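What follows is a set of notes on a single structure, which appears directly below.
The values are calculated or read from the model by the stated rules, or taken from the named source; none is laboratory data. Since this is a predicted model, take the numbers as computed values, not measurements. Note: ideal-geometry Cβ built from the backbone for every residue, glycine included; neighbour counts use all protein chains shown.
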């Protein structure tokens, strides 16, 4: 009997290697930021990066043993009056993060909390959110991990 998602000619060793080195593109509940104290710390002490139409606020956190990064997404109620619009924006932000998180997970040391804020005035399309997310995550890596080498 074949396992799911395997090729019939794949050997047992190759299956184990594929499981160990493949990146999970999911966004499970344990990666969501829910701690109110961490939220407050993010807004008071957090560092910010911008790549229009997104802003990333982040702070280094204490090791929690589960995941290295906890994430929250925010769409402003002042600019987007209906919940439908805000939910659509948050869905796009989560999807862009989910697809681009290997950029970050494979290159960080330590634990962080992130908040992604949407700054635009109109409802975005996925392409512009995805592009901004890639640039934002790469600039985070450059700022946090490449400055320390100098």
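Within region 63-112, count every residue that is over 14 Å from residue 141 (Cα atoms) and modelled with pLDDT of 90 or more.
30
Are any of the residues in region 104-124 free of Cβ contacts under 8 Å to residues at least 24 places away in the same chain and either farther than 21 Å from residue 25 by Cα or touching a helix residue (DSSP H, G or I) at 6+ places or on another chain (Cβ under 8 Å) (or both)?
Initially, region 104-124 is screened for residues free of Cβ contacts under 8 Å to residues at least 24 places away in the same chain, giving 122.
With the extra rule that they be either farther than 21 Å from residue 25 by Cα or touching a helix residue (DSSP H, G or I) at 6+ places or on another chain (Cβ under 8 Å) (or both), the set shrinks to 122.
The answer is yes, given that some residue of region 104-124 is free of Cβ contacts under 8 Å to residues at least 24 places away in the same chain and either farther than 21 Å from residue 25 by Cα or touching a helix residue (DSSP H, G or I) at 6+ places or on another chain (Cβ under 8 Å) (or both).
Inspect all residues belonging to region 58-74 and state whether any of them is crowded, with 17+ Cβ neighbours inside 10 Å, free of Cβ contacts under 8 Å to residues at least 12 places away in the same chain and more than 12 Å from the chain's Cα centre (by Cα).
Taking every residue of region 58-74 in turn, none turns out to be crowded, with 17+ Cβ neighbours inside 10 Å, free of Cβ contacts under 8 Å to residues at least 12 places away in the same chain and more than 12 Å from the chain's Cα centre (by Cα).
Go over the candidates 6, 13 one by one and state the one that is touching a helix residue (DSSP H, G or I) at 6+ places or on another chain (Cβ under 7 Å), at pLDDT below 90 and farther than 22 Å from residue 97 by Cβ. Step through it out loud before you land on a result.
Numbers: 13 fails: touching a helix residue (DSSP H, G or I) at 6+ places or on another chain (Cβ under 7 Å).
That would be 6, the only listed residue that is touching a helix residue (DSSP H, G or I) at 6+ places or on another chain (Cβ under 7 Å), at pLDDT below 90 and farther than 22 Å from residue 97 by Cβ.
Only one of 60, 30 is at pLDDT 80 or above and over 22 Å from residue 143 (Cα atoms); which? Write out each step before concluding.
Values: 60 fails: over 22 Å from residue 143 (Cα atoms).
Every option except 30 fails the conditions.
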